[in-house]
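Just so it is clear, none of the values below were taken in a lab; they were calculated from the coordinates. Fair warning: this is a prediction, and the values are worked out from it, not measured in the lab. Cβ coordinates were reconstructed from backbone atoms using ideal geometry, including for glycine residues, and neighbour counts include every protein chain displayed.
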Amino acid sequence: MREIREFRVLDANAISQGYDLFELMESAGEEVANHVKQSFPNMECFIFVCGKGNNAGDGFIAANTLHKEGFNVKIITVDEVSNSLPKRALEQYKGKIETISSLDSLVSDSTLLIDCLLGSGIKGEPKAAYRKIINKINQFGHILSVDIPSGFRTNTSVIPTQTVTFHDRKVGMDGKTCGEVFVVDIGIDDEIDQLCGPGELKLYPKFDSNKHKGQNGRIAIVGGGGFAGAPALAGIGAYRAGVDLVHVFVPSNHYEQVSAFAPELIVHKLEGEFVTKNVVDILKFHNFDSIVVGPGMGKHLESIDAVRELIINFDNLVVDADAIFRYNFYNKNILLTPHKGELNILGVKSSKKELMQFSLESGATLLLKGKIDYITDGLYFKKNFTGHPRLAVGGTGDILAGICGGLIGRGLSAFEAARLGSYVIGLAGEVCFEENGSGFLPSELAQCVSRIFGKI
C-alpha cells in the first residue's frame, strides 16, 4: 500500500526507461473494460462520467473497448478535454457523448456508473461543481471507480461498489472508502518499480511563500568527536536540501574549526564527547524537525549510550557512521546510512532478502551505500545506480546524511528521503566530475546538489 505520490514517481521512472505513457493508459483502460465484463455481466448499460485528466483517459479507453465489442456505452463529459493524452484517448471513441445534465435521467438498477471524474491530481476538497456531480453519482446503485474514487480522502467522495486500481493499493483504500478493491497490472516491470530515477525528484518538497524562517526545517547535526569536518559537511548537506536552520553540536575542541567551515552553521559546544546529558539539553532547549547523529563522532561507549537515549526520545533521525549499532528502532522515522563495512556492525548481509528482513524487524529504513545504493523500509526495495567512483572520497557520505536529514526535516519519510538523497547525490557526483574532473571536492559536490534541487 503506497501514498498516491508514489505512483507519480513510478510513472516518471517508467517514462525515463522508455515506457510510453499513452500505452500505459491504453493498458489501464483495457484492464478496466475486462473487469467490467467479468464483474458486471448482467448490466444493460455502462455510463462513464469523465473529467479532463488522465483518469478520464483511462475511462475513454475502457469505454471505447466496450463500445467496439457491442456493449451499450455512454460517455458523459464534464469539462472540455484539452490535455494531450486523454484528448487522444477520447478521439478514438466513436460512440455517443452526453453532457452531465442527462445524468439524473439515467439512474437505473440495470446501469453501472464508471467513475472517472477526478483522479489523484486534485489538491484539497473538490470544487463546488464537482461536489454536486459526486452527489449525483452516488445516487446510482452500482458504481465502479477507476484508480481512486473521485474526491478520495476528502469530505465529498464517490462511494463506489468496487474500485479498480493500478499496480498497488493506495493508502486509505478500504471497504468503507472504495468498496471491494481490485489491483490490476498495467505492464510496468518490477525492475522499474525498484529503480531510483528522475521520478524521485517529484518527492522534493515545494517551498511555501507563506512560511517564515525555521518553518522549512530546523535541523541538528551531532558528531565530531573524531573528525571535525564530518559534522560540518553534514550541516552543509542539510542546507543544500533546503532547510532554514542548521545547528551543529560538537566537542569544544572542534568548535573553532567547525565554526570556520561555514558561517551559516549555528555551532554549539559539547563539554567532551556526546553523552546522555547532552540528549536532554538538545531536546529540551530546541525544537528540531530532524536530527543527524554520528558524522565524525567516534566509537566512545558513552556516545553509543547517548545515541540509544536519543532514539528512545526522538523520532526523525538519521543515524550515520560510528553511531550505527543494533538498537530498537521500531515505530520511529529513522534512517540508517551504513556502507558495507558498517553493515557488519548490524550483523546483516547485503542481500536484498536480509536487508529487507532487518528493516522490517527493526523498524528502521536502511540505505546501504556502495557502487549501487540499496534502500529499503522492509516493505519496498529500491536500487540507485547514479554516481561516480569519486563519491568514495571522505566527506561525501556526511553530505548524504545531511541531505537525508534535511529532507526528513522538511516532511519526507525516511524511505522517501533516502531514495531522493541517494539519487541526487549520485547525479551531483556525475555532474561534478564533468565540471571539475576526478579531483572534485566534497564542498563542490554540495554545490552541485543545490543546483539539482534548484531545477526541480
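Treating the angle as unsigned and between 0 and 90°, give the value, to the nearest 10°, between the Cα long axis of helix 442-454 and the longest Cα principal axis of the chain.
Long axis of 442-454 versus the principal axis of the chain: about 20 degrees.
Rg(Cα) of region 55-156 divided by 2.2 N^0.38 Å?
This ratio for region 55-156 stands at 1.04.
Which of the three applies to region 265-382, rounded, prolate or oblate, going by the alpha-carbon gyration tensor with a ≥ b ≥ c and a/c under 1.5 meaning rounded?
prolate
Around Arg2, which amide H atoms from residues at least 5 apart in sequence, or from another chain, sit under 5 Å from its own amide H, with H modelled in the peptide plane?
Arg169, Lys170, Val171
For region 201-454, what number results from the quotient of the Cα radius of gyration and 2.2 N^0.38 Å?
So the Cα radius of gyration is 0.92 times the expected 2.2 N^0.38 Å.
How do Glu80, Glu30, Glu6 line up, fewest other C-beta atoms within 10 Å first?
Ascending number of Cβ neighbours within 10 Å: Glu80, Glu30, Glu6.
Put +1 on the Cβ of each Lys and Arg and -1 on the Cβ of each Asp and Glu in region 5-193; which of Cys178, Thr163, Ala128 then has its Cα farthest toward the positive end of the dipole?
The one lying farthest along the dipole's positive direction is Ala128.
Let me spell out the model: positive unit charges on the Cβ of Lys and Arg, negative unit charges on the Cβ of Asp and Glu, origin at the Cα centre of region 5-193. What dipole size does that give, in debye rounded to 20?
920 debye
Taking the highest mean first, how do the peptides 116-125, 222-231 order by number of other beta carbon atoms within 10 angstrom per residue?
Top to bottom by mean Cβ count within 10 Å: 222-231, 116-125.
Only four residue types carry charge here, +1 at the Cβ of Lys and Arg and -1 at the Cβ of Asp and Glu. Report the dipole size of the chain about the Cα centre in Debye, rounded to the nearest 20. Could you put the intermediate results ahead of the total?
Details: 46 positive and 54 negative charges, 129 e Å.
Roughly 620 debye, rounded to the nearest 20.
Could you state the number of Å between the C-alpha centres of region 51-129 and region 152-173?
Cα centroid of region 152-173 versus Cα centroid of region 51-129: 17 Å apart.
Taking region 370-429, which chymotrypsin sites (Phe, Trp or Tyr not before Pro) meet the DSSP loop condition and have no more than 15 other C-beta atoms within 10 Å?
Loop-located and lightly packed - Phe385.
Ranked by Cβ crowding within 10 angstrom, fewest neighbours first, how are Thr161, Thr386, Thr337 ordered?
The fewest-first ordering by Cβ neighbours comes to Thr161, Thr386, Thr337.
Quick one: what do you get for region 5-193 if you divide its Cα Rg by 2.2 N^0.38 Å?
0.95
Mind ordering 187-197, 399-409, 145-155, 98-108 by average Cβ neighbours within 10 Å, highest first?
Packing proxy ranking, top to bottom: 399-409, 145-155, 187-197, 98-108.
About its Cα centre, how strong a charge dipole does region 201-454 have in debye, to the nearest 20, once Lys and Arg get +1 and Asp and Glu get -1 at the Cβ?
660 debye
Using only the alpha-carbon atoms, how far is helix 21-39 inclined from the longest principal axis of the chain? Give it as 0 to 90 degrees, nearest 10.
50 degrees
(i) 25.6, 81; (ii) 22.0, 64; (iii) 29.6, 104: which one is Rg and Dmax of the Cα atoms in Å as calculated from this entry?
Evaluating Rg and Dmax of the Cα atoms in Å on these atoms matches (i).
Among rounded, prolate and oblate, which fits region 1-41 when a ≥ b ≥ c are the square roots of the eigenvalues of its C-alpha gyration tensor, a/c under 1.5 means rounded, and a/b larger than b/c means prolate?
Oblate shape, in that a/c is at least 1.5 and b/c is the bigger or equal ratio.
Compute the Rg to Rh ratio over region 182-290 from the alpha carbon atoms, using the Kirkwood formula for Rh, and round to two decimal places.
So for region 182-290, dividing Rg by the Kirkwood Rh gives 1.15.
What are the ³J(HN,Hα) couplings of region 58-64, residue after residue, when phi is run through the Karplus curve with 6.51, -1.76, 1.60 and θ = phi - 60°? Round to Hz, x for glycine and proline.
After applying 6.51 cos²θ - 1.76 cosθ + 1.60, I find 4, x, 4, 5, 4, 4, 5 Hz.
Quick one: Karplus J couplings for region 83-100, per residue in order, coefficients 6.51, -1.76, 1.60, θ = phi - 60°, nearest Hz, x for Gly and Pro?
For region 83-100, the Karplus-derived couplings read 5, 4, 5, x, 5, 4, 5, 5, 5, 7, 7, 10, x, 7, 10, 10, 9, 5 Hz, x marking Gly and Pro.
Give the distance, in whole Å, between the Cα centre of region 288-357 and the Cα centre of region 223-252.
Distance between centres, Cα-based: 17 Å.
Report relative contact order for the chain in percent, whole number only (criteria: Cα-Cα under 8 Å, sequence separation at least 6). Could the numbers behind the result be given before it?
Values: 969 pairs, mean separation 56.0, N = 456.
So the answer I get is 12 percent.
Residue by residue through region 264-280, which ³J(HN,Hα) values in whole Hz follow from phi under the Karplus form 6.51 cos²θ - 1.76 cosθ + 1.60 (θ = phi - 60°), with glycine and proline marked x?
Working through the residues one at a time gives 6, 6, 9, 9, 10, 8, 9, 7, x, 6, 5, 10, 4, 4, 5, 4, 4 Hz.
Could you check the simple spin-label distance between Asp281 and Lys37, using points 7 Å along Cα→Cβ, in nm with one decimal?
Once both label points are built, they end up 7.3 nm from each other.
Taking 8 Å as the Cα distance limit and 6 or more residues as the minimum spacing, I'd like the relative contact order of region 5-193 as a percentage.
19 percent
At 7 Å along the Cα-to-beta-carbon direction for both Asp305 and Thr154, put a label point, then send me their distance in nm to one decimal.
Placing both labels 7 Å along Cα→Cβ, they lie 5.5 nm apart.
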